[in-house]
Amino acid sequence: MTRKVGSALVGAALIAIAAVVAGTVHSAPQEPGLTGVEAARLREAFRRVDENPFPEDNPYSPQASDLGARLFFDPILSGEQTMACASCHNPATAWTEGRPRGIGESGIAMKQRTPTLLNVAGLGPLGWDGKFPDLESVSFTPIVSSGVMNLPEAVLIARLRADPSYVRDFTTAYGENAITRQNIERALATYERSIVSGAAPFDRWLAGDDTAIGASAKAGLRVFSGKGGCIGCHSGWAFTDGSFHDIGVATGADTGRGSYFPTSVKLRYAFKTPTLRDVTTRAPYMHDGSIATLRAVIDLYDRGGIDRPSRSPAIRPLNLSETEKANLIAFLETLNSETTPTALPLR
């Protein structure tokens, strides 16, 4: 079970975001490309949440989040101490990295694109194929994986216990003798649940500022929610349904969610729907980083992808015009945060 937690850090972040868009609400006239009814419906459908969900068995505390942040940016978590969680999940590049696939400490490319950590709270199961039920279960895996950070659990525990400042921070967050795998997982997960997209022009439009996005973006929003059918999977404030779909792009041995449900036709080549917040800053795209530009992604959807039994019923040829494609991109650009990326904390 999860519960809504108005934590100090997360609440403050969300309050700050709200402050950016506050004071703009007024009676909204009919939008270019949208009827008044459509605009009102979309404002409700994409309204930003007030709080992030934290699980009851790992509730938010500022001490745990601060510890998680320290661990997240510290290369002590890798075998040669050359790689941190932030090496792949870089806040300066929307909590992912600007290449098709991550490179582990061994120098070998990983199988899949590094997913962003933006807005991951409450979106389990996690990973492109959903192999992880929650953030606690995913946080330790790259640390001990030989293809990623390559650090045995026992060595990590010994390193942290040998550092008096880590002993102090774990004790503050979790009590005596607290440097354990479980608490490392809990601290990292707490911090990662606190990672949310900043206020964007679209948020100001949602709050009623009709000048926050232009006519092209408003027309693109209409394509997004209508002819393009994008809203079917990219729904809610974070623009993801948190589910898995075959969009007709993947081939080969990596069948995504289907690898865990081999008898399911629907889940073969199904991968998790990513958030669209800050999407234009997160190239390349798809689970394998195989598509270089957002325009190429839109062209793929316009063609309808590979026609096969597992392909989602929502994926079909769209016959979008050049103007409609340009308007879609203009709309997606309004989802980019206007706030400064999170700074790397000093160790």
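Couple of notes before you dig in:
- Candidates are the residues of segment 296-340 that are among the β-branched types (V, I, T) and out of contact with any Lys or Arg (no Cβ under 7 Å at 6 or more places or on another chain); the one that is farthest from R204 (Cα to Cα) is I306.
- Taking the criterion of being more than 12 Å from P142 (Cα to Cα), touching a residue at least 24 places away in the same chain (Cβ under 8 Å) and not in a helix (DSSP H, G or I), the residues of segment 90-106 that qualify are A94, W95, T96, G98, R99, P100, R101, S106.
- Restricting segment 55-75 to residues that are among the acidic types (D, E) and assigned to a loop (DSSP other than H, G, I, E, B), the residue that is nearest to A92 (Cα to Cα): D74
Condition check ((1) in contact with a helix residue (DSSP H, G or I) (Cβ under 6 Å, 6 or more places away or on another chain); (2) farther than 17 Å from P75 by Cβ; (3) in the same structural domain as S78 (by TED's automatic domain parsing); (4) without any contact (Cβ under 8 Å) to a residue 24 or more places away in the chain) across all residues:
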{"residue": "P133", "(1), (2), (3), (4)": "no, yes, yes, yes"}
{"residue": "N150", "(1), (2), (3), (4)": "no, no, yes, no"}
{"residue": "L156", "(1), (2), (3), (4)": "no, no, yes, no"}
{"residue": "T171", "(1), (2), (3), (4)": "no, yes, yes, yes"}
{"residue": "N183", "(1), (2), (3), (4)": "yes, yes, yes, yes"}
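- From the list R257, R282, R295, R268, the lone residue that is among the basic types (K, R), farther than 15 Å from L42 by Cα, in the same structural domain as S321 (by TED's automatic domain parsing) and surrounded by fewer than 20 Cβ atoms within 10 Å (Cβ to Cβ) is R295.
- So V120, is it β-branched (V, I, T) and within 21 Å of F261 (Cα to Cα): no
- Scanning segment 256-304 for residues that are without any contact (Cβ under 8 Å) to a residue 12 or more places away in the chain and touching a helix residue (DSSP H, G or I) at 6+ places or on another chain (Cβ under 8 Å) yields a single hit, S264.
The values are calculated or read from the model by the stated rules, or taken from the named source; none is laboratory data. Worth saying up front: this structure is predicted, and the values here are computed from it rather than measured. Cβ coordinates were reconstructed from backbone atoms using ideal geometry, including for glycine residues, and neighbour counts include every protein chain displayed.
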